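As structure tokens, the structure follows; a few thoughts come after it.
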Amino acid sequence: MNTPNKLTILRMVLTPVFVACFYIPVDYRLYIAAVVFLIAYATDILDGQIARKRNLVTDFGKLMDPIADKILSGAAMIMLTGAGMLSPIATLITVAREFIISGVRAVVAGKNIVIAAGPIGKLKTTMQCVGIALILLGNPVFRMWNIPFDQIVIWISVALAVWSCVDYIVKNNRALKENK
């Protein structure tokens, strides 16, 4: 197993650590959770850079990297919603998008086609990460001006989620329609 794929697996392993940190009974638990979340997200950046730079792109990575992202961001959004820190509508739209994309990937995978994440989806993931981190950190900097920048970033990620879902389906329509 190559380094990028190990980093993808590490991101999946860090997700329950992140969840545990979110719930530990200490005052600064959200800061600890934010650090673990950001470390996990950094593995996403690193695995992609290493895979492309060293020509280590694999079907495993193309399939599992987005799944690892969905596990991490989905867990974060669900926990933040449960804690009253994030709109359930934002979480529902985002999680629904992830199920739709996973369904499309499953259909085309049955045809031996692996579809890598697109640029809009990658931007959505980045915005989710920034928004989630800002929520966990209590919206630093912008809090003094009473600007809900954390929520603004999350809603931008939701808009990108919808856009990337439509784009993904349109771009892969032919693969979806083809008979095996």
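Tabulated values for the structure
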item: Where Leu72 falls short, out of the listed (1) in contact (Cβ under 8 Å) with a residue 60 or more places away in the chain; (2) surrounded by fewer than 18 Cβ atoms within 10 Å (Cβ to Cβ); result: (2)
item: Checking Ile45 against (1) within 21 Å of Leu137 (Cβ to Cβ); (2) aliphatic (A, V, I, L, M); (3) in contact (Cβ under 8 Å) with a residue 24 or more places away in the chain, the condition it does not meet; result: (3)
item: Cross-chain or 6+ apart pairs with Cβ under 6 Å, the stretch 115-127 first and closer than 18 Å to Gly61 by Cβ, then small (Gly, Ala, Ser) and at pLDDT 80 or above; result: Gly121/Ser164
item: Tally of residues being of a type in the set (A, V, I, L, M, F, W, C), closer than 17 Å to Val13 by Cβ and buried (at least 17 other Cβ atoms within 10 Å of the Cβ) across the stretch 39-66; result: 2
item: Restricting the stretch 99-112 to residues that are of a type outside the set (A, V, I, L, M, F, W, C) and touching a residue at least 60 places away in the same chain (Cβ under 8 Å), the residue that is surrounded by the most Cβ atoms within 10 Å (Cβ to Cβ); result: Lys111
item: Which numbered condition Ile115 misses (of (1) part of a helix (DSSP H, G or I); (2) surrounded by 15 or more Cβ atoms within 10 Å (Cβ to Cβ); (3) aliphatic (A, V, I, L, M)); result: (1)
item: Any hit, the stretch 54-64, residues being part of a helix (DSSP H, G or I), within 18 Å of Val130 (Cβ to Cβ) and under 14 Å from the mean Cα position of the chain (by Cα); result: no
item: Count - residues of the stretch 13-29 that are under 16 Å from Ala83 (Cβ atoms) and either of a type in the set (Ser, Thr, Tyr) or surrounded by fewer than 19 Cβ atoms within 10 Å (Cβ to Cβ) (or both); result: 9
item: Top-ranked residue of the stretch 144-180 - restricted to ones that are in a loop (DSSP other than H, G, I, E, B) and farther than 30 Å from Val108 by Cα, ranked as modelled with the highest pLDDT; result: Pro148
item: Hits in the stretch 127-140 - residues which are in contact with a Leu (Cβ under 9 Å, 6 or more places away or on another chain) and either surrounded by 16 or more Cβ atoms within 10 Å (Cβ to Cβ) or on the phi > 0 side of the Ramachandran plot (or both); result: Met127, Gln128, Cys129, Gly131, Ile132, Ala133, Ile135, Leu136, Leu137, Gly138
item: Thr15 at pLDDT 95 or above, of a type outside the set (Gly, Ala, Ser) and within 14 Å of the chain's Cα centre (by Cα); result: yes
item: Some residue of the stretch 130-143 being under 29 Å from Arg29 (Cβ atoms), without any contact (Cβ under 8 Å) to a residue 12 or more places away in the chain and part of a helix (DSSP H, G or I); result: yes
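The values are calculated or read from the model by the stated rules, or taken from the named source; none is laboratory data. Keep in mind that this is a model prediction, so the values were computed, not measured. Cβ coordinates were reconstructed from backbone atoms using ideal geometry, including for glycine residues, and neighbour counts include every protein chain displayed.
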